[in-house]
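Reviewing the structure listed below.
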Amino acid sequence: MANFVSSYSQPSYQSVGTQTSMAASIHNRSTYQCYPFLTNEEFAEVCHYLDVKYCQATLGPLRKQWRLNLHTALDTSATSHADLVTFLQITKPFEANEVDDQLASHLSNVALGEPSAPTRRSKRQSMRQSAADNMMIDLEEADKSSYALYEIHLHPTYRAPCLWFSLHNLPIDESPLDIDTVFRRLVPDQFKHTLRGQGAIGGISIEHHPITGVPTFFVHPCLLGDAMAQFDCSKEDYLTVWLGLVGGCVGLWVPKEMAMGQT
C-alpha cells in the first residue's frame, strides 16, 4: 500500500544528534495509545478534526463538489463494546461537472425581452420559452449526475481507518458492483497496474458494509499501518495524511485548501 502515496512524499530520516530532537520526532505519536493504530475514541477524535478542517477551509465552489459529513450510528458489530460508532462520508462527482456551466451559458443567450419586430413576437417568444424549458430540464438532469460516496470507518481488526466507497446514479449499462466499472470510473491510470497486481489483500476488495450490510468496495487496510508509521502525525492531521496515502488510488484527493493548514 505504500506504493499508493499520492499527496505526500515519503520523509527522509537522518540520524538525530540530540535528545531534544529525538523527543520532538515522536512528540505527536506519544499522544496516541499505540500509534499509528487507533482506539475507538481516537478514531472519533481524528474524524472530528477532519470535519473541523473541512468546515473552516475556504473551498468556494469546490464545497459543492467535495462534500464531507460527520456521522454517528449504532454499533451493530460484535467486535466492539461501544454503543455508537463515528464515521465520515465524502461525496464527490466522478469528474468536475461542466454541464452546469455550459447550460448557464446557453441560458444567458436566451433573451426574454421584447422583440424588435412586433409581427414575429408570438413565434419568437414561443421559441425562447421552449428553449428555456429544455435548458431547465437539462439542469435538473445534471443534478442527478453520477457520483462516488466514500466512507471512512475504523477497521475492527487492523485498528486503522478503512476507506469504503460505492458508485451511484450510473448509466443503466454500468453495474456499481463491477470491479471494471470501479477501475474505469475511479482509479487513475498510474494506479491501475499496481492495484490489479495486489489482488484482494492490499488492493480493492468487496465486503458487506459495516453498518448497512450492503456489498460495498473498500481499499484493504492491511499495509496502511506500516505506511502511517513513517509519519509523526498529530491527531489534527492524522486523516489528512492518511487520505493522502490511500485516497488517490480511488480518485479521492484532499483539497489543498484543507491540507495547507496542516502542521
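The values are calculated or read from the model by the stated rules, or taken from the named source; none is laboratory data. Because the structure is predicted, anything quoted here is derived from the model rather than measured. Cβ coordinates were reconstructed from backbone atoms using ideal geometry, including for glycine residues, and neighbour counts include every protein chain displayed.
Things to note:
- Check on Tyr8, part of a loop (DSSP other than H, G, I, E, B), at pLDDT below 95 and either surrounded by 12 or more Cβ atoms within 10 Å (Cβ to Cβ) or among the hydrophobic types (A, V, I, L, M, F, W, C) (or both): yes
- Answer residue from the stretch 65-88, given it is surrounded by 15 or more Cβ atoms within 10 Å (Cβ to Cβ) and under 21 Å from Glu257 (Cβ atoms) and is modelled with the lowest pLDDT among those: Gln65
- Members of the stretch 206-218 found to be at pLDDT below 95 and buried (at least 17 other Cβ atoms within 10 Å of the Cβ), listed by number: Pro210, Ile211
- Given (1) in a loop (DSSP other than H, G, I, E, B); (2) at pLDDT 95 or above, index of the condition Cys47 fails: (1)
- All helices (runs of 4 or more DSSP H) inside the stretch 155-263 with 3 or more residues being farther than 26 Å from Tyr49 by Cα and in contact (Cβ under 8 Å) with a residue 24 or more places away in the chain: 179-185, 189-198
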